[in-house]
Amino acid sequence: MSRLIRTITLLALAAAPFATAAAQDLSRDDMRSLDGQVQEIKSDVLSIASELSNLEERLLYPSNTQVAVFVAIEDDEDFRLDAVKIEIDGELATHHIYSFKELEALQKGGVQRIYTGNVPTGDHQLGVTMIGKLRNGTEFSKTDQFSFAKGVEPKALGITLAGPGLGKNGIQLGDW
Amino acid sequence: MYRAPFSVIGLLLIASLATSPTKSDELKDLYFGEALYYAHQGYFFEALERLDTEVAQYAGLDEPELDTLFYHIDDAEFSLGDFELRYRMHHRAGRAIRAVLEGAVDEVVRNDAAYRLARIHFQKGQMEDALLALERIDGKIPESIREDIEFLRANVYLAQEKPAESFEVLKRLQGSKSFGGFAAYNLGIAYLQDGQRQQAIEQLDRAGQISTDDPAELAIRDKANLVLGTILLEDGEYGKAMPYLNRVRLDGPFSNQALLSAGWASLSAEDYERAVVPWSILAQREVTDGATQEAMLALPYAYGKLDIHGRAAIHYGKALDAFGTEVDKLNESIESIREGLFLEALVREEIRKNKDWVINLRSLPETPETYYMMELLASHDFQTGLQNYLDLADLRKKLVSWETSFDSFDDMVAIRHDHYEPLLPDVDMKFRELDSRLRLRREQHKMLVRRRDDLLTTPRPEFLATPDEMAVLARIEYIEQQLEDASTPFEGALVARMERLKGLLTWTLETEYHARLTEFENNLSMLDEAMTVAQTQYDRFVRSRQAATHSFEGYETPISRLRARVSEAVRRVDLLMKRQGRQLEIVAIDELMARRGRLESYRDKARFALADSYDRATQAQARSEVQ
């Protein structure tokens with residue numbers, strides 16, 4: 001018996017987990033073919049998603065009224081952004097509470113589209129409030145107002161956030 | 001979709017590509033940044049969807065240099081390949097990365113792309129192609145992947161069974177911070193593969209002593225010791241094997257196997273008392289582990305060798321009970337998989353929120369099957385199948401939610417149609433009136449501009465006469481004509497009076513000409529402003545009219561086409577999920593059946609050995625009573 005058990009042990013150790021042997025029983029060709037088909041459907045669904053976004057944009061946010069607000073964090077910022085509130089012409093457009101993953105994505109250089117909506121052409125007011133925590137644990141909140149003009153083309157507004165500090169503006173609106 | 005022609009001058013956003021080895025320059029394209037935002041969170045479907053659209057739009061531009069993506073196009077194309085790779089779309093990723101390689105891109109980006117392409121080939125088992133891609137790497141290499149490239153190169157050689165080719169690379173990498181432990185271990189395996197046993201032993205010995213506190217390196221150190229111990233054990237060098245097996249940490253991932261082998265090494269050396277020690281520890285551990293189950297059988301065997309048959313019988317009895325319970329558990333698990341519960345558990349979202357979700361499956365009471373499948377879940381082929389299944393489940397969820405949104409779209413279009421349709425005839429009638437009035441005004445305006453331009457080149461004071469003056473001029477002309485036709489004795493006096501009147505008027509027109517021209521000019525510029533306002537209102541009216549039509553017209557075809565595409569995609573996803581799920585279930589059931597078979601065999605042996613131990617214990621007791 002000892003011989004048999006040892007052989008099992010050594011085989012298991014030398015090769016791989018027991019599982020591998022079972023997995024190998026599956027035809028590799030079948031797996032590859034299935035994998036290829038999964039990749040194909042992913043590609044198709046991506047194309048559907050793209051077409052759907054296009055349709056949604058046309059239907060819900062036509063060019064002449066579309067306004068999109070993007071949020072980014074200034075480089076080398078290590079403050080913790082907790083939430084952002086966006087107001088357009090004094091009315092709440094959206095507010096967002098950040099998860100750890102989202103904050104990390106912003107810190108790595110990602111840009112969040114926080115709001116897409118409709119406004120008539122002409123001059124408007126954008127109100128931005130950010131709430132966060134500094135490295136030393138101090139909580140802060142900052143609000144700024146900006147003017148922007150909406151033309152007939154879609155309007156993209158980029159907001160860059162930085163923790164309050166010397167020489168920093170805190171909230172900046174992209175200049176276009 | 002209309003593309004916002006914005007520029008982000010002064011927006012100080014620094015983007016670091018999820019993929020790129022270096023931080024990119026100032027971010028100029030918000031939509032590219034948005035794709036990165038999703039990619040950095042691991043949402044590669046969303047990232048791909050956005051970046052795909054952005055790059056496709058860019059490709060269709062007549063003047064791409066005016067677009068904000070122009071500054072990032074190399075990074076964007078590279079990222080496309082990278083996201084596809086991460087979303088397990090190797091076919092498309094390979095194409096995208098090859099496109100980057102063939103494009104006029106920066107050396108650093110090209111080398112990074114070549115490395116990623118090599119990695120795809122390696123994962124697909126295409127070693128020749130992997131090597132070819134690695135050979136394309138030339139010139140400046142991103143520092144962050146320099147060692148990754150070398151490590152991959154060594155692994156390709158090993159996979160090609162050309163261990164000697166990997167020696168130099170692995171020797172160099174032994175000093176690496178990231179790959180030191182792995183390179184040391186792989187070098188030992190390379191020597192082994194090359195038939196250089198002694199070199200292999202020395203190298204694995206070194207790999208088994210590296211100083212580190214990194215969990216991954218600690219694990220590979222344990223593995224080096226375990227492999228070395230096993231090699232020596234297989235060769236019958238039991239005494240030599242022991243120190244290496246003892247080096248394996250008791251709380252590491254290889255500890256069970258090391259304890260088991262340590263027991264066998266001692267037993268083989270006929271040191272039964274020593275064999276009892278590791279097996280006793282191991283027999284107390286997680287009963288579903290293969291090594292533990294084997295130890296439960298080996299421990300009483302060692303007691304038997306020590307002639308402690310009573311204790312051996314007790315342990316055989318425990319093993320028998322445990323194996324029986326586990327066989328029942330495995331039967332339940334197999335049944336549970338057949339009922340589809342395993343796949344149901346896998347797609348539960350709350351489980352997958354945690355990065356250790358595979359491990360957490362063990363804690364689910366309703367998924368007993370996962371107890372025995374930790375190794376299976378960790379195997380590459382199963383992982384690929386599992387990830388595909390999960391991706392399909394996610395796609396299905398998306399498609400189903402889109403299906404419901406089509407009805408809302410239809411409603412929205414219908415409401416807009418019902419609202420605008422009755423209003424439009426009246427609006428159109430007013431528009432036609434406005435249009436004809438504006439056209440007339442435009443013509444009049446043009447005529448006045450022409451006159452002003454003529455006056456600037458050829459002064460014509462009479463053109464600037466007031467209506468009264470024009471009436472007087474006309475009257476004078478009329479009287480002059482009358483005088484020409486009439487014959488009267490006062491003709492001379494009348495002509496003189498006429499001339500005087502005419503002279504007076506001409507004097508006024510000539511002397512006030514410049515002032516009047518200036519006033520005309522001012523009036524015209526005021527008219528220009530009014531015309532601009534009118535034109536703006538006209539344009540706004542036209543846009544609003546078009547927007548009203550566009551808000552409900554032209555959606556029927558795309559909505560119905562998309563609806564059909566989504567419905568077809570759901571059907572295909574369902575089919576693929578069924579096939580993929582079935583495949584996973586088969587592998588899982590095979591694995592569990594293999595484990596059950598092994599346990600049944602252990603149970604039979606335990607049953608036989610239990611009886612044998614009782615006999616021997618009884619005989620020993622009888623002997624001692626006789627004595």
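How many residues are within 9 Å of chain A (Cβ to nearest Cβ) and at pLDDT below 90 when one looks only at the range B:547-564? Don't jump to the end; show me each part of the working.
Step one: list which residues in the range B:547-564 are within 9 Å of chain A (Cβ to nearest Cβ), which gives B:547, B:550-551, B:554-555, B:558-559, B:561-562.
Add one more test, that the residue is at pLDDT below 90, and what stays is B:547, B:550-551, B:554.
Number of matching residues: 4.
Just to be sure before I move on: is B:Glu54 within 8 Å of chain A (Cβ to nearest Cβ), buried (at least 22 other Cβ atoms within 10 Å of the Cβ) and assigned to a helix (DSSP H, G or I) in the structure I sent?
Details: within 8 Å of chain A (Cβ to nearest Cβ): no; buried (at least 22 other Cβ atoms within 10 Å of the Cβ): yes; assigned to a helix (DSSP H, G or I): yes.
The answer is no for B:Glu54.
Tell me, which residue of the range B:225-248 that is among the small types (Gly, Ala, Ser) and farther than 11 Å from B:Ala258 by Cα is farthest from the other protein chains (Cβ to nearest Cβ)?
So the first thing to find is which residues in the range B:225-248 are among the small types (Gly, Ala, Ser), and the list is B:229, B:236, B:239, B:241.
If we keep only those that are farther than 11 Å from B:Ala258 by Cα too, we end up with B:236, B:239.
On the way: B:Gly236: 12, B:Gly239: 17 Å.
Applying the filter and picking the extreme gives B:Gly239.
Which of the residues that make up the range A:59-87 are closer than 26 Å to A:Lys150 by Cα, of a type outside the set (Phe, Trp, Tyr) and within 7 Å of chain B (Cβ to nearest Cβ)?
Matches in the range A:59-87: A:Leu59, A:Pro62, A:Ser63, A:Asn64, A:Ala72, A:Glu74.
Being closer than 30 Å to B:Phe382 by Cα and among the acidic types (Asp, Glu) is true for just one of B:Asp539, B:Asp485, B:Asp574, B:Asp528. Which residue is that?
Working: B:Asp539 fails: closer than 30 Å to B:Phe382 by Cα; B:Asp485 fails: closer than 30 Å to B:Phe382 by Cα; B:Asp528 fails: closer than 30 Å to B:Phe382 by Cα.
Answer to the check: B:Asp574.
Residues being out of contact with any helix residue (DSSP H, G or I) (no Cβ under 8 Å at 6 or more places or on another chain) and of a type in the set (Val, Ile, Thr): count how many of those fall in the range B:414-461.
Of the residues in that region, 3 qualify.
Given the options B:Leu584, B:Leu610, B:Leu599, B:Leu576, name the one that is more than 11 Å from chain A (Cβ to nearest Cβ), assigned to a helix (DSSP H, G or I), within 30 Å of B:Ser333 (Cβ to Cβ) and within 43 Å of the chain's Cα centre (by Cα). Walk me through it before giving the result.
Values: B:Leu584 fails: more than 11 Å from chain A (Cβ to nearest Cβ); B:Leu610 fails: within 43 Å of the chain's Cα centre (by Cα); B:Leu576 fails: more than 11 Å from chain A (Cβ to nearest Cβ).
Of the residues listed, the single one that is more than 11 Å from chain A (Cβ to nearest Cβ), assigned to a helix (DSSP H, G or I), within 30 Å of B:Ser333 (Cβ to Cβ) and within 43 Å of the chain's Cα centre (by Cα) is B:Leu599.
Determine if the range B:402-418 includes at least one residue that is away from chain A (no Cβ under 14 Å) and at pLDDT 90 or above. Don't jump to the end; show me each part of the working.
Let us first name the residues in the range B:402-418 that are away from chain A (no Cβ under 14 Å), namely B:418.
Pick out the ones that are also at pLDDT 90 or above and you get B:418.
Looking for residues that are away from chain A (no Cβ under 14 Å) and at pLDDT 90 or above, one finds at least one in the range B:402-418, hence yes.
What is the number of the single condition among (1) within 11 Å of chain A (Cβ to nearest Cβ); (2) modelled with pLDDT of 75 or more; (3) surrounded by 15 or more Cβ atoms within 10 Å (Cβ to Cβ) that B:Val347 does not meet?
Result: B:Val347 passes all but (1).
Does A:Lys42 satisfy the criteria of being of a type outside the set (Gly, Ala, Ser) and closer than 30 Å to B:Thr384 by Cβ? Working first, answer last.
On the way: of a type outside the set (Gly, Ala, Ser): yes; closer than 30 Å to B:Thr384 by Cβ: yes.
So A:Lys42 passes the test.
Consider only pairs whose beta carbons are under 7 Å apart and that are at least six residues apart or on different chains; among these, list those whose first residue lies in the range A:106-121 and is more than 7 Å from chain B (Cβ to nearest Cβ) and whose second residue is among the polar types (S, T, N, Q) and assigned to a loop (DSSP other than H, G, I, E, B).
A:Asn118/A:Thr65; A:Val119/A:Thr65; A:Pro120/A:Thr65; A:Thr121/A:Asn64
Do the conditions hold for B:Ala534, that is, is it touching a Phe, Trp or Tyr at 6+ places or on another chain (Cβ under 7 Å), of a type in the set (Gly, Ala, Ser) and either surrounded by 15 or more Cβ atoms within 10 Å (Cβ to Cβ) or within 30 Å of A:Lys42 (Cα to Cα) (or both)? Reasoning before the result, please.
On the way: touching a Phe, Trp or Tyr at 6+ places or on another chain (Cβ under 7 Å): no; of a type in the set (Gly, Ala, Ser): yes; either surrounded by 15 or more Cβ atoms within 10 Å (Cβ to Cβ) or within 30 Å of A:Lys42 (Cα to Cα) (or both): yes.
Criteria not met by B:Ala534.
Among B:Asp75, B:Asp62, which is assigned to a helix (DSSP H, G or I) and either more than 10 Å from every other protein chain (Cβ to nearest Cβ) or crowded, with 19+ Cβ neighbours inside 10 Å (or both)? Outline the logic, then answer.
Details: B:Asp62 fails: assigned to a helix (DSSP H, G or I).
That would be B:Asp75, the only listed residue that is assigned to a helix (DSSP H, G or I) and either more than 10 Å from every other protein chain (Cβ to nearest Cβ) or crowded, with 19+ Cβ neighbours inside 10 Å (or both).
Does at least one position in the range B:197-211 carry a residue that is small (Gly, Ala, Ser), in a helix (DSSP H, G or I) and within 14 Å of another protein chain (Cβ to nearest Cβ)? Give the derivation first.
Of all residues in the range B:197-211, those small (Gly, Ala, Ser) come to B:200, B:207-208, B:211.
Cutting the leftovers down to in a helix (DSSP H, G or I) gives us B:200, B:207.
Restricting the remaining residues to those that are within 14 Å of another protein chain (Cβ to nearest Cβ) gives B:200.
Yes: the range B:197-211 contains one or more residues that are small (Gly, Ala, Ser), in a helix (DSSP H, G or I) and within 14 Å of another protein chain (Cβ to nearest Cβ).
How many residues are modelled with pLDDT of 85 or more and either assigned to a loop (DSSP other than H, G, I, E, B) or within 7 Å of chain A (Cβ to nearest Cβ) (or both) if we restrict to the range B:8-44?
Quick first cut of the range B:8-44, residues modelled with pLDDT of 85 or more only: B:29-44.
So of that shortlist, the ones also either assigned to a loop (DSSP other than H, G, I, E, B) or within 7 Å of chain A (Cβ to nearest Cβ) (or both) come out as B:29-30, B:33-34, B:36-37, B:40-43.
Result for the range B:8-44: 10.
The values are calculated or read from the model by the stated rules, or taken from the named source; none is laboratory data. Here the structure is a predicted model, which means the values were calculated and not measured. Using ideal geometry, Cβ is built from the backbone for each residue, glycine included, and neighbour counts are taken over all protein chains shown.
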